[in-house]
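Colleague: The structure's right below; bear with me while I get my questions together.
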Amino acid sequence: MTTETPAPPTRRPARAAVLAAVFVCAACGLVYELALVALGSYLIGDTVGQASIVLGVMVFAMGVGALAAKPLQPRAAAAFAAIELALALLGGLSVLGLYAAFAWLDLYGPALVGTAFLLGLLIGAEIPLLMVLLQRIREQAAGSAVADLFAADYVGALLGGLAFPFLLLPVFGQLKGAIVVGAVNAVAGLALVCTVFRRELGRRSRVALGAGAVVVALCLGYAWLTAHDFEVTARQQLYRDPVVHAERSRYQEIVLTRSVREVGHADTDLRLYLNGDLQFSSVDEYRYHEALVHPVLNGARGEVLVLGAGDGLAVRELLRYPDIRRITVVDLDPAVVVLARTEPQLRRLNGDAFADPRVRVVHADAFGWLRGNTARFDAIVADLPDPDETATAKLYTVEFYTLVRAALADGGRLVVQSGSPYFAPRSYWSIEASLRAAGFATLPYHVDVPSFGDWGFVLAGPGAVPPALALPADAPRLRFLDEPTLRAAATFPADRGRITVPASTLLQPRVLEYARAEWRGY
């Protein structure tokens, strides 16, 4: 048996430099992938679909890129540096370009596929060229070289995977985070070639790479300086009214718009959007929240649980009942609650609800919180985002409603905002079917909310008989809801009557499929 001769000391730094470049390039490549997936989930809302498209296209393109790199191997050093510059430019500007395609051109889908393919093509060409460079330093068995290279590659990918959500997004945001990674990508590629392999570069190659580096630096630098203004302009393009507040929290994009005065309304129209979906309009939100909250309070109501509703508007309606002792609000995103506590017009709209001592806010995922909950509540209000994303679809499943049922006190009641029985009937009746499958007796009802259209709710209680759809005897004076309106709300027209659809579960989230299909044209 023969043993491999140890590398001379002078070669060890060179090999280390190549493996370090592999490490950095792998981290950058994974960040580009995650950035495309994250942007798609923010703009489109289909996390699984976006991830499947990005990863599928990129992995395919990486295979094509690996084959395309074969003719470049005789000039591996110059080719690798050129590829890293191209990758830095494309990856660094990818989020900016896709956001522009979404905001102005309505070409996000084709632009995403094209960007993912080009990134994958360039990333796929890296490894073969790096393998050639590694072997030029010292010949070694193919298995050993591959092991060294892929070890550095996979560890680098781990670093990129951790850096994206925990460092780049919180510190730089999506636009500037991609630019930073592009700059790192360019520096890593040029540093390796211009130090370890500088003798392999001819005069023309050095001039071309130098000019390319200048172009990339200028483009990324200009993008960095104008990123904020670009984001503000592009975001405003997406909304009808002027944007008065915008931020991207850990969980979602939060946008508050305020319109000029509208005919027939004394106040301006304040609107909250989460990931582009309208949450309320101040012109008519009272219709929605009166219909959501007051019927479920017809009975014992000392302890009330609210799932979602971080804007404080449902809590405002609950606080109109002095006999409610405590309201527990479970909302995932602290940024929404902070906005509801601090934005002056939103505070006026919600009556400064979160300042009331009876209100306790818990920032947690509703599903996980219910699994650990031991308290019991007389009434539960589920005012959760629509089930058109993977993360929210689980909050409309049989498993989730089973956890909710366990949190109800004897005689307790639940109300669920359930979307539109007119625009999304299969989604609506699937939610109702899921409640029944979880052991609830249900009473569906719907009202007209001009900003949303015909909007539906489901009142439910454990057992065989649903709660009565009625206002509490001591209900305060309401602007919209009264007993005749509420009785009519339980009647569905012939063209929007009950339809038979399956319940939604964690392993088969049918409500997600329905919601995506039904809301696609709106």
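Colleague: Quick one: if the Förster radius is 56 Å, what FRET efficiency do residue 362 and residue 75 give, using the C-beta to C-beta distance and rounding to 0.05?
Modeller: Calculated value: 0.40.
Colleague: For segment 180-295, just list the percent of Cα-Cα distances falling in each 5 Å bin from zero outward, please.
Modeller: Percent of pairs per bin, in order: 2, 9, 13, 13, 11, 9, 7, 6, 7, 6, 5, 4, 3, 3, 2, 0.
Colleague: Using θ = phi - 60° and the Karplus form 6.51 cos²θ - 1.76 cosθ + 1.60, what ³J(HN,Hα) does each residue of segment 150-158 get, whole Hz, x for Gly and Pro?
Modeller: In residue order, the calculated couplings are 6, 4, 5, 5, 6, 5, x, 4, 4 Hz.
Colleague: I've got another one for you. I need the phi-derived Karplus couplings for segment 61-68: 6.51 cos²θ - 1.76 cosθ + 1.60, θ = phi - 60°, integer Hz, Gly and Pro marked x.
Modeller: Values, residue by residue: 5, 5, x, 5, x, 5, 5, 5 Hz.
Colleague: What FRET efficiency comes out for residue 513 versus residue 142 if R0 is 51 angstrom and r is the Cβ-Cβ distance? Round to the nearest 0.05.
Modeller: 0.65
Colleague: Give the long-range amide H neighbours of residue 253: residues separated by 5 or more places, or on another chain, with amide H under 5 Å away, using H modelled in the peptide plane at 1.01 Å from N.
Modeller: Amide H neighbours of residue 253: 275.
Colleague: Ignoring ligands, DNA and RNA, please state the percent of accessible area on segment 284-340 from carbon and sulfur, probe 1.4 Å. Let's see the in-between values first.
Modeller: Values: 680 of 1290 Å².
Heavy-atom surface of segment 284-340 belonging to carbon and sulfur, 1.4 Å probe: 53 percent.
Colleague: Using modelled amide H (1.01 Å from N, peptide plane; none on Pro or chain starts), what sits under 5 Å from the amide H of residue 408, excluding residues fewer than 5 places away?
Modeller: HN-HN under 5 Å from residue 408: 377.
Colleague: Now a separate question. How large is the convex hull of the Cα atoms of segment 311-468 per residue, expressed in Å³ as a whole number?
Modeller: Hull volume normalised by residue count: 124 Å³.
Colleague: What list of ³J(HN,Hα) couplings, whole Hz, do you get for segment 483-498 from phi and the Karplus terms 6.51, -1.76, 1.60, once you set θ to phi - 60° and write x for glycine and proline?
Modeller: 3J(HN,Hα) across segment 483-498, in whole Hz: 4, x, 5, 5, 5, 5, 5, 7, 9, 10, x, 4, 7, 9, x, 4.
Colleague: Under the rule of at least 5 residues apart or a separate chain, name every residue whose amide H is placed under 5 Å from the amide H of residue 196.
Modeller: none
Colleague: With a bin width of 5 angstrom, please list the P(r) values of segment 8-135 as percents of all Cα-Cα pairs, from the 0 bin to the one holding the largest distance.
Modeller: Values per bin, smallest distances first: 2, 11, 19, 21, 16, 12, 8, 5, 3, 1, 1, 0.
Colleague: Of the labelled options (i) 41, 27, 19; (ii) 41, 36, 20; (iii) 55, 24, 20, which one gives semi-axes √(5λ) of the Cα gyration tensor in Å as computed for this structure?
Modeller: Correct label is (iii).
Colleague: Okay, moving on. Are there any chymotrypsin sites (Phe, Trp or Tyr not before Pro) in segment 69-134 that are in a DSSP loop and have at most 15 other Cβ atoms within 10 Å? List them by number.
Modeller: Loop-located and lightly packed - none at all.
Colleague: Can I ask one more? For the chain, with every protein chain kept in place, what is the accessible area per residue (1.4 Å probe, Å²)?
Modeller: Numbers: 22890 Å² over 522 residues.
Per-residue value: 44 Å².
The values are calculated or read from the model by the stated rules, or taken from the named source; none is laboratory data. Keep in mind it's a predicted model, so treat the numbers as computed, not measured. Heads up, the Cβs are rebuilt from the backbone with ideal geometry, glycines too, and the neighbour counts pull from every protein chain shown. Just the protein is used for accessible areas: all its heavy atoms, side chains included, with ligands, DNA and RNA removed. Shrake-Rupley method; radii C 1.70, N 1.55, O 1.52, S 1.80 Å.
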